[in-house]
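Read through the structure below, which is laid out as structure tokens, and then see the notes.
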Amino acid sequence: MTTTEQPTTPATPPGIGGIGHSLRRREDDRFLRGAGRFVDDIVLPRMLHAAVLRSPVPHARIASIDTSAAAALPGVVAVVTGADLAAHNLAWMPTLSGDTQAVLATDKVRFQGQEVAAVIAEDPYVAHDALDLIDVDYDTLTPVVNPRQALADDAPLIRDDKEGQEGNRCYRWEAGDREATDRAFAEADVVVELDTHYPRSHPSPLETCGCVADVNPATGHATIYMTSQAPHAHRTLFALVAGLPEEKIRIISPDIGGGFGNKVPIYPGYVVATAASLLIGRPVKWVESRSENLISTGFARDYHMHGELALKRDGRILGLRVNMLSDNGAFFADAQPTKFKAGLFHIVTGSYDYPAAHVVTEGAYTNKAPGGVAYRCSFRVTEASYLIERLVQNAAYELGVDPAELRLRNFIRPDQFPYRSPTGFTYDSGDYARALRLAMERVGYDDLRREQAEAREQGKLIGIGLASFTEVVGAGNHKEFDIAGIKMFDSAELRVHPTGKAILKLGVRSQGQGHETTFAQIVAEELGIPATDIAVQEGDTDNTPYGLGTYASRSTPVGGAATVMVARKLRDKARVIAAHLLEAAEEDLEWEPGRFFVKGTPSRGVTIQDVAFAAYTNFPEGLEPGLEGVHYYDPPNMTYPFGSYIVVVEVDAETGQWKVRRMVAVDDCGVRINPMIVEGQIHGGLAEGYAMANMQFITFDEDGNCIGSNFMDYLIPTAWETPRFELDETVTPSPHHPIGAKGVGESATVGSPAAYVNAVIDALAHLGVRNIDMPVLPHRVWAAVRDAGGSGGGEQGGVPPAP
Ligand code: CDP
């Protein structure tokens with residue numbers, strides 16, 4: 001059973017600034033002044049610089065590498081090849097999906113941009129100049145540039161390094177019940193099909209990836225400053241891969257200029273810089289360029305999807321069948337829990353209640369960069385959400401039912417939670433109809449439909465696109481979720497100092513989400529210490545408790561819950577000390593934000609600051625001094641934020657141009673800690689969703705050359721293109737989270753692409769258009785109209801060339 005509440009009213013006064021206050025982000029002060037400290041700001045004495053030589057071709061055998069001219073260049077300290085690393089057993093490293101990935105290529109190169117050699121020099125410019133002097137002889141091989149080509153019988157074998165690997169399939173995995181789904185389809189009146197591709201995209205954070213590795217030759221201690229979303233897990237993996245003692249590795253993830261999943265994998269550059277520092281005995285910095293970031297580090301998406309939805313004539317959904325083929329690139333390096341080969345794609349059943357689903361997913365090796373990161377989503381949920389929302393929209397056209405009405409008929413009802421989906425997820429809470437109805441009200445849905453019908457009569461095209469998404473965030477529980485075998489719990493350590501100020505140390509790591517503000521607010525809520533008196537520390541493995549890091553919107557559901565729990569532990573202890581100070585029994589004390597007082601005598605009380613001082617100066621006999629603690633939180637389940645988005649577009653069929661007129665987003669992430677920050681997260685996600693629907697994708701030509709290796713080709717929307725967003729909210733707390741919060745960081749990117757695309761399709765649906773692949777570029781719209789026999793093309797004729 002789900003309870004839906006009104007938007008959060010703060011329980012604490014503004015001076016304390018607990019949950020529900022839109023406190024300004026305290027970290028912005030240094031960011032806006034240009035005073036953040038990012039990896040590239042770190043300069044150490046005697047520091048060297050690494051630059052990486054990358055393959056210009058996507059598939060080739062390496063016949064020879066001659067490094068002599070590069071090594072002779074003044075200022076070059078070392079030139080490193082795969083053979084050099086192989087001597088230390090470091091030429092290959094494990095990926096987060098249990099595959100192997102070349103650090104520097106020894107046998108073959110398998111994608112354009114793959115790391116082949118590295119130069120370590122006194123100066124970054126010398127290091128880059130020396131790359132031109134390395135002579136590599138490549139025997140080129142046929143490139144494999146899409147997964148269907150990869151699975152063909154005559155495809156060249158990409159991973160001939162792997163013993164027993166036959167063909168280019170890297171996994172096959174199923175979920176759901178095949179027989180039950182077949183039965184559902186046999187009973188269907190209508191079956192709707194969709195073949196679509198979610199194109200390869202890139203998180204492209206403002207700050208590219210890099211590190212400064214500093215291995216002290218005297219002590220053997222390695223301090224590695226790294227653009228890492230998961231410093232603790234990275235430390236453990238470094239220890240396992242390099243054989244370094246873990247207590248001698250300190251990973252510091254300083255300010256991070258955006259991650260979006262891109263800073264979860266371990267990249268060859270980190271390994272090369274660390275190995276070089278170890279061998280040379282001096283610090284080594286490696287920071288990649290924008291193009292290196294785009295062509296070689298963790299991409300996202302690239303799913304070819306075929307979905308079928310079975311329905312009764314009355315609109316009831318009976319079942320879903322999905323076949324998905326992912327393009328994994330040359331190494332299976334997706335960041336995801338080991339139990340789920342295709343991430344959490346099997347949440348593809350969406351927000352709807354039906355008995356049967358069957359999902360088959362396959363992945364193929366191709367000659368492209370590896371990655372498959374959770375780009376602002378939980379492990380491939382974006383693709384899943386996109387597919388089901390496109391299918392439901394098309395089903396509405398097939399049945400002649402309004403798309404909103406079809407959704408309302410099939411939503412999981414509030415009284416069905418906790419809801420077990422046909423592919424095995426247990427949704428915690430939701431009120432999907434409420435969110436959709438609110439969005440419809442906000443946008444003026446019925447009036448818009450009338451306007452759309454009238455506009456059509458005049459030859460004008462207006463489209464109204466919907467998406468009612470369910471996201472799954474906050475991994476674990478530990479039984480089902482791990483990264484490279486490490487269970488997905490998280491932790492918080494809280495120390496209240498004698499003067500009542502506090503420091504909170506976390507296992508998660510903000511990359512711009514405002515943790516320094518919001519996590520302080522959680523402590524403020526629980527202990528009544530003003531949020532401004534609470535420092536939040538993250539990202540230093542020597543000084544924070546172990547955690548799995550920040551991605552897939554897990555900070556609030558897991559790290560946030562750990563924070564609540566540790567603060568409550570401290571409040572319990574504070575009560576004992578307060579009773580001692582007030583000479584009263586503990587059960588006679590009442591709590592109000594920041595203060596204990598004797599029941600019935602509110603004037604007889606002590607503040608949390610009094611208690612903190614007493615914890616070090618005047619504590620009861622036998623009580624352990626101090627006011628600090630740690631909590632490791634293993635969530636019982638994921639949290640399931642959701643929302644309904646409605647996009648209104650105008651489409652010009654003559655040119656294929658489309659323009660967003662309205663974008664209404666109703667989100668439900670349970671209790672909002674900081675409403676302003678939540679809105680900021682949603683704005684960012686909606687902009688990213690718009691980018692994917694409209695312009696942002698990486699493609700490859702038939703020779704395997706990456707197109708989209710710079711910001712002239714890989715289009716990031718600016719404020720100029722980005723539409724205006726109208727936000728609203730419902731509040732359905734997560735029943736198992738200690739303050740009822742769900743994550744939100746990913747939701748809007750997950751939920752919105754389908755709404756944008758559905759809006760364009762909706763404008764053309766009466767012409768019979770059912771599919772335009774993302775990104776919805778003008779020439780694709782134009783061709784869809786022409787193929788549907790509409791008016792597209794005008795007098796000019798011919799399809800405009802693809803970009
Ligand atoms: O893991 P990540 O920080 O990317 O995602 P998140 O847990 O969804 O949180 C993103 C930001 O929104 C954080 O600063 C959260 O504390 C904040 N947030 C919030 O204020 N209330 C929520 N219910 C969820 C997130």
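The values are calculated or read from the model by the stated rules, or taken from the named source; none is laboratory data. Here the structure is a predicted model, which means the values were calculated and not measured. All Cβ positions, even for glycine, are placed from backbone atoms using ideal geometry, and neighbour counts span all protein chains on display.
Values computed for the structure shown
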{"read-out": "Residue count, the range 454-477 (criterion: outside any strand (DSSP E or B) and surrounded by fewer than 23 Cβ atoms within 10 Å (Cβ to Cβ))", "value": "8"}
{"read-out": "Top-ranked residue in the range 316-344 [being at pLDDT 95 or above and not in a strand (DSSP E or B); ranked as farthest from ARG172 (Cα to Cα)]", "value": "ARG316"}
{"read-out": "The lone exception for GLY258 - which of (1) at pLDDT 95 or above; (2) more than 26 Å from GLY372 (Cα to Cα) it fails", "value": "(2)"}
{"read-out": "Residues of the range 236-247 classified as touching a Lys or Arg at 6+ places or on another chain (Cβ under 9 Å) and either at pLDDT 95 or above or surrounded by 21 or more Cβ atoms within 10 Å (Cβ to Cβ) (or both), total", "value": "1"}
{"read-out": "Residues of the range 197-235 satisfying the condition of being assigned to a strand (DSSP E or B), crowded, with 20+ Cβ neighbours inside 10 Å and more than 18 Å from the chain's Cα centre (by Cα)", "value": "GLY210, CYS211, VAL212, ALA213, ASP214, VAL215, ALA222, THR223, ILE224, TYR225, MET226"}
{"read-out": "Single condition ALA535 does not satisfy, out of (1) closer than 22 Å to GLY258 by Cα; (2) within 13 Å of the ligand (Cβ to nearest atom)", "value": "(2)"}
{"read-out": "Subset of the range 714-736 [in contact with a Gly (Cβ under 7 Å, 6 or more places away or on another chain), of a type outside the set (Gly, Ala, Ser) and in a loop (DSSP other than H, G, I, E, B)]", "value": "TYR714, THR732, PRO733"}
{"read-out": "Pair list, Cβ < 7 Å and 6+ apart or interchain, from the range 464-485 residues that are more than 30 Å from ILE761 (Cα to Cα) to residues that are in a strand (DSSP E or B)", "value": "GLY474/THR639; GLY476/LYS487; HIS478/LYS487"}
{"read-out": "Among (1) of a type in the set (Ser, Thr, Tyr); (2) within 22 Å of ALA552 (Cβ to Cβ); (3) within 16 Å of the ligand (Cβ to nearest atom), the one test that TYR690 misses", "value": "(3)"}
{"read-out": "Failed criterion for PHE642 (all others in (1) buried (at least 20 other Cβ atoms within 10 Å of the Cβ); (2) over 28 Å from ILE739 (Cα atoms); (3) of a type in the set (A, V, I, L, M, F, W, C) hold)", "value": "(2)"}
{"read-out": "Qualifying residue in the range 662-685 (condition: away from the ligand (no atom under 16 Å from the Cβ), in contact with a strand residue (DSSP E or B) (Cβ under 8 Å, 6 or more places away or on another chain), of a type outside the set (D, E, K, R) and at pLDDT 95 or above)", "value": "yes"}
{"read-out": "Those residues of the range 286-315 which are within 19 Å of the chain's Cα centre (by Cα), hydroxyl-bearing (Ser, Thr, Tyr) and in a loop (DSSP other than H, G, I, E, B), in sequence order", "value": "THR297"}
{"read-out": "First in the range 308-333 and free of Cβ contacts under 8 Å to residues at least 12 places away in the same chain, second anywhere and crowded, with 24+ Cβ neighbours inside 10 Å and part of a strand (DSSP E or B), Cβ under 9 Å, 6 or more apart", "value": "none"}
{"read-out": "Among the candidates THR556, THR563, residue that is assigned to a helix (DSSP H, G or I), crowded, with 24+ Cβ neighbours inside 10 Å, within 13 Å of the ligand (Cβ to nearest atom) and under 17 Å from the mean Cα position of the chain (by Cα)", "value": "THR556"}
{"read-out": "Residue list for the range 482-499, filter: part of a loop (DSSP other than H, G, I, E, B), surrounded by fewer than 21 Cβ atoms within 10 Å (Cβ to Cβ) and at pLDDT 95 or above", "value": "HIS497, PRO498, THR499"}
{"read-out": "Cβ pairs under 8 Å, 6+ apart, first in the range 503-529 and at positive phi and more than 10 Å from the ligand (Cβ to nearest atom), second in a loop (DSSP other than H, G, I, E, B) and of a type in the set (Ser, Thr, Tyr)", "value": "GLY528/THR12"}
{"read-out": "Number of positions in the range 236-269 that are aromatic (Phe, Trp, Tyr) and assigned to a helix (DSSP H, G or I)", "value": "1"}
